[in-house]
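The values are calculated or read from the model by the stated rules, or taken from the named source; none is laboratory data. Note that this is a predicted model, so its numbers are computed, not measured. Using ideal geometry, Cβ is built from the backbone for each residue, glycine included, and neighbour counts are taken over all protein chains shown.
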Amino acid sequence: MSSALAHDILELTLEHLVLVSLSMAIAAAIAIPAGILLTRRAFLQRWVLGFANIMQTVPSLALFGFLIPLPFLGGIGKHTAIVALVLYALLPILRNTLTGIMNVDPAVRESAVAMGMTGRQLLWEVELPLAIRTILAGLRIATVTTIGTATIAAAIGGGGLGVFIFRGLASVDTTLLLAGAVPAALIALAADRGLEWVEHKLSPV
Amino acid sequence: MPFDERLLRKREREGRFELMSPLVSFQQVSARIGQKDILYDLSFDVEAGETLVLLGRSGSGKTTALKMVNGVLLPSAGAVLIEGIPTTAWNLIRLRRRIGYVIQDAGLFPHFTVAANVGLVPRLEGWQSRDIEARTQHLLTQVGLPPAQFGTRYPRELSGGQRQRVGVARALAADPPLLLLDEPFGALDPVTRVELQQQFLDLRKGLDKTALLVTHDVREALLLGTRIGVLHDGRLVFLGERSEFLKSRNKEVQAFHTCLEEKWRETI
């Protein structure tokens, strides 16, 4: 392997990591509070989950395409890629936050209320600790998927390891394809393992 | 009871002058959940120091009545007065911390140790951790769970009976004047149930507590209740002492009589 290629791999891997981490941070910042809100406002569930569901069903390449003509969110470049990746990551996090909290034993919630916990105490001391594993599992699924989907970001100038893959496809160059695919797969594996470990560490019992 | 001047002063400060009002008073309470009427025109008092048992079949509205006491449900008509103040006027968080609550299968927090479960309300109330620890140890000892052995365990490491004991200790933690118990011994095997019922009687003798207990078990009602109220289809069809209960000619009360063994029936 030439040192130029090695240098490129390192650079694009970093770019890929930045793309994924930013997207996941934004997605979590939206989806976890939204999921909590949905447990308090049941009538919103259909609408919000429906929206997140639809976002998941749009083929990823098409979603990137749709975003290009949009003002603010769209255009060519990293920020458009991040918007698309966030939209993809919302559903698993949202759904798992909702499920995790709704699955807290009703008897436990009932006694928390009857003991005189405030809404905030119920959330922070009972619901979130008991739901944390499920929420993190959602985050893990979303992260692993995003690492793969982020390779498509290169199609709209988002950079990352996808650059190798598209270049490799265009020039029928297996080495380039592998230079993109292998690091992406390794990142996905590492993220999966890492988040699994965190999940285990944070589980309440 | 000796005249407690401090209590009177405290009540005066808080603007409460009725010294002898019942601890809990249901005044023509109706409950409607969604489109369904659960309770109709329910009126009764729970006097300080007594254990009133609400007896009824499933769906009779007894749990609904219980949940009206700590303001988990509010009446759709009428009023529930606690210490003379309607639940709609209470700060519900304050009210609930003054009421111990025990439910079937305990409802312990699975991610808290036994000690943390018992010490919860004192902690919410901002007690010093030293006081919480002392209180927790005292209560665990009182319900027959040596704190050194059980304090650091998690609820899933306990038997059903032990969990229920922790549930009772937790309800007593902040020394509330009133206890609400919803089928507290319902999920236990018969032997453990009798043990815990006996322990409840012993505890009550030692502590000056008022209790409102809900059950479908007529033997439990007769064993634990100083008075028994019978709920049927959302109405209070009987309220009286044990001897009156055994003599009653009310149809629903007689339906409960038939569940009793000979030993009890002879006394009718």
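Summary of computed values
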read-out	value
Any hit, segment A:166-183, residues being in contact with a helix residue (DSSP H, G or I) (Cβ under 9 Å, 6 or more places away or on another chain), crowded, with 22+ Cβ neighbours inside 10 Å and away from chain B (no Cβ under 14 Å)	yes
Hits in segment B:101-135 - residues which are more than 8 Å from chain A (Cβ to nearest Cβ), in a helix (DSSP H, G or I) and buried (at least 24 other Cβ atoms within 10 Å of the Cβ)	B:Val114, B:Asn117, B:Val118
Any chance B:Gly151 is under 25 Å from A:Ser203 (Cα atoms), among the small types (Gly, Ala, Ser) and surrounded by 14 or more Cβ atoms within 10 Å (Cβ to Cβ)	yes
Candidates B:Arg156, B:Arg98, B:Arg165 - the one that is within 11 Å of chain A (Cβ to nearest Cβ), modelled with pLDDT under 95 and under 19 Å from the mean Cα position of the chain (by Cα)	B:Arg98
Restricting segment A:134-157 to residues that are farther than 30 Å from A:Ile36 by Cβ and of a type in the set (Gly, Ala, Ser), the residue that is surrounded by the fewest Cβ atoms within 10 Å (Cβ to Cβ)	A:Gly157
Residues of segment B:177-203 satisfying the condition of being among the polar types (S, T, N, Q) and over 23 Å from B:Glu47 (Cβ atoms)	B:Thr192, B:Gln198, B:Gln199
Qualifying residue in segment B:210-221 (condition: touching a His at 6+ places or on another chain (Cβ under 9 Å) and modelled with pLDDT under 90)	no
Residue match in segment A:124-131 (condition: farther than 28 Å from A:Trp47 by Cβ and within 14 Å of chain B (Cβ to nearest Cβ))	yes
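Conditions (1) modelled with pLDDT under 85; (2) in contact with a helix residue (DSSP H, G or I) (Cβ under 7 Å, 6 or more places away or on another chain); (3) more than 21 Å from A:Ala153 (Cα to Cα), marked per residue:
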position: A:Met1; (1), (2), (3): yes, no, yes
position: A:Ile32; (1), (2), (3): no, yes, yes
position: A:Ile36; (1), (2), (3): no, yes, yes
position: A:Arg41; (1), (2), (3): no, no, yes
position: A:Gln56; (1), (2), (3): yes, yes, no
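Quick grid of which residues meet (1) modelled with pLDDT under 90; (2) outside any strand (DSSP E or B); (3) touching a Leu at 6+ places or on another chain (Cβ under 8 Å); (4) surrounded by fewer than 18 Cβ atoms within 10 Å (Cβ to Cβ):
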| residue | (1), (2), (3), (4) |
| --- | --- |
| B:Leu8 | yes, yes, yes, yes |
| B:Glu12 | yes, yes, no, yes |
| B:Leu19 | yes, yes, yes, yes |
| B:Phe26 | no, no, yes, no |
| B:Ser30 | no, no, yes, yes |
| B:Leu54 | no, no, yes, no |
| B:Ser60 | no, yes, yes, no |
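Per-residue answers, yes or no, for (1) at pLDDT 90 or above; (2) over 24 Å from A:Ile141 (Cα atoms):
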| residue | (1), (2) |
| --- | --- |
| A:Pro71 | no, yes |
| A:Gly74 | no, yes |
| A:His79 | no, no |
| A:Ile82 | yes, no |
| A:Tyr88 | no, no |
| A:Asn96 | yes, no |
